[in-house]
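Let me begin by presenting the structure, written as structure tokens, before commenting on it.
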Amino acid sequence: MICSQSRCSGTDALSGRIVEVTFGERIETVAPTANAGNFLAPAFIDVQVNGFAGVDFNDPATTHEAISRATRAIRATGVARYFPTVITGSPQNMTASLRNLALAAESIPERHSIAGFHVEGPHIAPEDGPRGAHPLEWVCPPDLDLFQRLQEAAGGRIRLLTVSPHWPGAPAYIEALVQRDVTVSIGHTGASAEQLDAAVRAGASMSTHIGNGAHQVLRRHPNYLWEQLADDRLTAGLIVDGIHLGAAFLKVALRAKTPARALLVTDASAPAGCAPGRYHLGHQVVDLTADGRIVLAGQDRLAGAALRMDDAISNVMAMAGIPLPDALAMATIIPARACRIHGRENGLAPGDAADIVEFSIASGRIKVTGLYIDGEKVAI
Ligand SMILES: [Zn+2]
């Protein structure tokens, strides 16, 4: 809690105006000024983070000290708020991981950065391709009782859930989750156009890392990529590490969705931010390769990303020719609106949380130089 008013000035990267921002815990005023400094923007939001800096959020034994350390490392990339993400596993493991994360979200000094949890699975497509690296053993049809158990373990913090709508019970499940104020995202799916439409009518409003968690070979049309790209009711998450999506797909996806319906996620897993080598992710063993891929050991199947959000923003500008304001919106106000992260929907505007990132740009790459969360300057 800060009592005194703070201020910073620079170019508001979303609006292009040179401004001075005054703030306590919330932004109080944003006024034109002549003092050009670095760039300012709302601090970044990442709604899909499986782990970082060697720390695995899917392991119930992960210590709170480790979750603190991972959160500080995530903050150093300009991210103020993120969703630790728990993927398909045994009900016991998912419940225990969520309980562990919920206790950390109550107690660690960096707890305000944990804005909610993303549960990715276990009601996804069982077949190879759409299932991605999720373990087949624990894939199962939608089960509201299981969701209740997960949400109880999470202390009510599950804000985003990824499901495949190919299951017959999917529309009822989606409707029940939306009623519980959970954002539902379509992903790891091979669903038909009719199933996708039924899911959206039931309240699904996002696509999880579109273009990934898909078949290697796909019927040219219709297919679930075109259907989701064409559906303006869906905001799509994108992993822009230069590995998960090629530049052509990325460009086309962004022209279909427009930046107003696209958001950046890192999908980072524990080896992100570490040296190349072999790492354990829950029961799985993965390799971080020298060129930045995380693959199941001995295979070429991607198992998460080694991406940082500041790099994702730089990459989307370079790969798809997206201007800075749109690239930043995809990492700030768009995810805040899509996942209803209240107090973050308006950008650098009075009343929004004083989550502010200061950065410079050299050779097209963003370099974070300062970060405020709830108006408090944090070390990066
Ligand atoms: Zn995934």
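Couple of notes before you dig in:
- In the range 77-103, the residue that is farthest from Asp355 (Cα to Cα) out of those that are of a type in the set (A, V, I, L, M, F, W, C) and out of contact with any strand residue (DSSP E or B) (no Cβ under 7 Å at 6 or more places or on another chain) is Ala96.
- So Ile67, is it within 30 Å of Ala153 (Cα to Cα), open to solvent by less than 60 Å² (accessible area, probe 1.4 Å) and not in a strand (DSSP E or B): yes
- Close pairs (6 angstrom Cβ cut-off, 6 or more residues apart or separate chains): in contact (Cβ under 8 Å) with a residue 40 or more places away in the chain and closer than 21 Å to Pro171 by Cβ in the range 125-145, open to solvent by less than 80 Å² (accessible area, probe 1.4 Å) and among the charged types (D, E, K, R) anywhere: Ala125/Arg131
- Some residue of the range 38-53 being part of a helix (DSSP H, G or I) and either open to solvent by 10 Å² or more (accessible area, probe 1.4 Å) or within 24 Å of Leu160 (Cβ to Cβ) (or both): no
- Among the candidates Ala34, Ala96, residue that is away from the ligand (no atom under 16 Å from the Cβ), at negative phi and crowded, with 17+ Cβ neighbours inside 10 Å: Ala96
- Filtering the range 166-190 to residues that are of a type in the set (Gly, Ala, Ser), part of a helix (DSSP H, G or I) and surrounded by fewer than 17 Cβ atoms within 10 Å (Cβ to Cβ) leaves only Ala172.
- Residues (surrounded by fewer than 19 Cβ atoms within 10 Å (Cβ to Cβ) and over 19 Å from the mean Cα position of the chain (by Cα)) located in the range 140-158: Cys140, Pro141, Asp143, Leu144, Asp145, Leu146, Gln148, Arg149, Glu152, Gly155
- Candidate set from the range 191-215 (those that are open to solvent by 30 Å² or more (accessible area, probe 1.4 Å) and either among the hydroxyl-bearing types (Ser, Thr, Tyr) or within 16 Å of the ligand (Cβ to nearest atom) (or both)); member that is modelled with the lowest pLDDT: His215
- Screening Gly321, Gly375, Gly273 for residues that are open to solvent by 10 Å² or more (accessible area, probe 1.4 Å), farther than 26 Å from Gly51 by Cβ and in contact (Cβ under 8 Å) with a residue 40 or more places away in the chain leaves exactly one candidate, Gly321.
The values are calculated or read from the model by the stated rules, or taken from the named source; none is laboratory data. Since the structure is predicted, the reported quantities are computational estimates derived from the model, not experimental observations. Quick reminder, even Gly has a Cβ in these numbers, built from the backbone with ideal geometry, and neighbours come from all protein chains shown. Remember, those area values only see protein heavy atoms, side chains included, never the ligands or the DNA or RNA. Shrake-Rupley method; radii C 1.70, N 1.55, O 1.52, S 1.80 Å.
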